[in-house]
Amino acid sequence: MYNMIMIWNELKKPFLILAPMEGVTDIIFREIVSIAGRPDLFYTEFTNVSSYASPKGRANALERLTICEAEKPIIAQIWGKNPEHFAETAKALLPLGFSGVDINMGCPDKNVNRAGGGAAMIKTPELAVECFRNAKKSTELPVSIKTRLGWSRVEEYRDWLSTLLAEHPAALTVHLRTKKEMSKVPAHYDLIPEIIKLRDKISPETKLVINGDIKTKAEAMELHKKYPEVDGFMIGRGVFQNPFCFTDHIATREELMNLLYKHLDLYEKYNHHSYEPLKHFFKIYVNNFPGAAELRAKLMETHSPEEAREVLKDA
Ligand SMILES: Cc1cc2nc3c(=O)[nH]c(=O)nc-3n(C[C@H](O)[C@H](O)[C@H](O)COP(=O)(O)O)c2cc1C
């Protein structure tokens, strides 16, 4: 019997998840969040199944799927539109140490959608189902889905989420916006009761995870009080404002600086290709104190972790 390994049943309700974020939640940042205070579950950034399935793309795909012991349990998120490639990729994930497979059906990125993946799957429900089934039959791991309410209209959620729930995914994460809304409007919390009803009616065993605008553990707990039927909450951009967002702890400036040093060390350890993307993270640690903007500006001028450490020492 497949799907016997069931991380989702082991998580205590309400569980908290760090949202997958391309270019952000890589192995380095996941370790940083672990140090600050880990969520119950991590997700990787999304990996393209056709990359994994191609001889040229495999090394890159495997790099994205590199994990370490400390971040387990962790789910691998995958995307694409080729059902065979979903099967091939899903099959590889258990030996790599993952506790589950998640299919991205919500990404609004133009290139991803043009390639038929992410939120574009909302417009091709039959293909979405085929990809899900192919992944599910190829692995013992539980297969979950992360999606949005619809492509352009909020009301699409009824048919779309019903179609997905009929496949009995291990978990369904709903980012409470349409693709068209991107992140420009507030998340539609008012729909949570209706979504709970759909889940309870069609697939009561599916864990329901709510995502969108939740910034801290405290906010997730507030939502839990209001909607106790929701199993888990996923925090994305909140972690930029506070890497300690999965705890009740209020970080001191010193703790944030220590995390920044650790981030620089981990960058060197994992030998990432370009220094530039690292600069996006400075704002997380150097923020909200007198002189922070000036210090950040100096850090932005650096070209290596050694230079960044020098700037920090002088400051
Ligand atoms: C920089 C960035 C990258 C993202 N990459 C992914 C991704 O790879 N997979 C995915 O399912 N969602 C991705 N998302 C969406 C988030 O997982 C989440 O659904 C969204 O940010 C809403 O949650 P929030 O309001 O807590 O940030 C990304 C979001 C951001 C801001």
On a full-extension model of 0.36 nm per residue, what is the gain between residue 9 and residue 258, subtracting their alpha-carbon distance, rounded to one decimal in nm? 86.1 nm
The answer for the net charge of residues other than residue 291 whose Cβ lies under 13 angstrom from its Cβ, with Lys and Arg +1 and Asp and Glu -1, is +1
Around residue 152, what is the net charge, scoring Lys/Arg as +1 and Asp/Glu as -1 over all other residues with Cβ under 12 Å from its Cβ? +3
D_trans [Stokes-Einstein, Kirkwood Rh over alpha-carbon pairs] for the stretch 167-220, 10 °C, 1.306 mPa s, µm² s⁻¹: 131 µm²/s
Give the long-range amide H neighbours of residue 19: residues separated by 5 or more places, or on another chain, with amide H under 5 Å away, using H modelled in the peptide plane at 1.01 Å from N. 235, 236
Enumerate the calculated ³J(HN,Hα) couplings along the stretch 178-185 in order (Karplus 6.51 cos²θ - 1.76 cosθ + 1.60, θ = phi - 60°), each rounded to whole Hz, writing x wherever the residue is Gly or Pro. 7, 4, 4, 6, 6, 10, 8, 10
Charge dipole (the chain, unit charges on Cβ, about Cα centre) - positive-most of 67, 288, 235: 235
Exceeding 25 Å between C-alpha atoms, which entries from my cross-link table qualify? They are 13/72; 72/207; 262/313; 179/207. none
In deg cm²/dmol, rounded to 500, what helix-only [θ] at 222 nm does the chain give when every DSSP H run of at least 4 residues adds -39500 (n - 2.57) and the total is split over its residues? -11500 deg cm²/dmol
Nearest-0.05 FRET efficiency for residue 159 and residue 68 at R0 = 41 Å, using Cβ-Cβ distance, is 0.50
Please list, in order, the residues from the stretch 298-315 whose amide nitrogen is less than 13 Å from a point placed 7 Å along the Cα→Cβ vector of residue 265. none
Say R0 is 25 Å: what FRET efficiency, to the nearest 0.05, do residue 294 and residue 111 get from their beta-carbon distance? 0.10
Expressed in nanometres to one decimal, the distance between label points 7 Å along Cα→Cβ at residue 275 and residue 307 is 0.4 nm
To the nearest 20 debye, what charge dipole does the chain have about its Cα centre, counting +1 at the Cβ of each Lys and Arg and -1 at the Cβ of each Asp and Glu? 660 debye
Euclidean distance between Cα centres, the stretch 182-201 to the stretch 234-255, Å: 25 Å
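Computed from the coordinates by the stated procedures, all read-outs in this text should not be read as laboratory data. Treat the numbers as computed from the prediction; the structure is a model and nothing was measured. Heads up, the Cβs are rebuilt from the backbone with ideal geometry, glycines too, and the neighbour counts pull from every protein chain shown.
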